[in-house]
Amino acid sequence: LNDENKLKNYDYCGTIHDYFVWMLTGKLYIDQTNAASWGLYDIKNSKFNEDAIKRLGIPLNILPKIVKCGSKAGE
């Protein structure tokens with residue numbers, strides 16, 4: 001992924017669950033369990049491991065906002 005051009009056509013990333021939330025609410029969220037499943041989640045700090053993500057060449061701005069499991073996604 002270190003080739004910046006590989007990701008230039010993508011604005012966001014997420015799981016299929018995140019896609020459904022986005023389609024219904026227009027908001028891009030990922031819950032902690034889905035974020036942890038990616039293997040780039042810092043459990044102690046409840047956020048993505050930014051150093052690991054940068055080393056992989058993934059732009060931080062395409063990552064969804066992490067929310068607690070069971071959080072309300074919309075109205």
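The values are calculated or read from the model by the stated rules, or taken from the named source; none is laboratory data. All of these numbers come straight from a predicted model, not from anything done at the bench. All Cβ positions, even for glycine, are placed from backbone atoms using ideal geometry, and neighbour counts span all protein chains on display. Protein only, heavy atoms only, side chains kept; ligands, DNA and RNA dropped before computing areas. Shrake-Rupley method; radii C 1.70, N 1.55, O 1.52, S 1.80 Å.
On the protein heavy atoms, probe 1.4 angstrom, tell me the percent of accessible surface of the chain carried by carbon and sulfur. Carbon plus sulfur share of accessible area: 51 percent.
Counting only protein chain heavy atoms and rolling a 1.4 Å probe, the accessible areas of Glu50, Glu75 rank, largest first, as Glu75, Glu50.
Since only Gly26, Leu60, Asn49 are under comparison, the one whose Cα sits farthest along the positive direction of the charge dipole of the chain, derived from C-beta charges on Lys, Arg, Asp and Glu, is Asn49.
Taking the longest Cα principal axis of the chain as reference, the axis of helix 16-25 is set at about 60 degrees. Pairs of Lys residues in region 1-74, spaced 8 or more positions apart or belonging to different chains, with C-alpha separations under 27 angstrom: 23 in total.
Here the sum of -39500 (n - 2.57) over DSSP H runs of 4 or more residues, divided by the residues of the chain, equals -7500 deg cm²/dmol at 222 nm, to the nearest 500.
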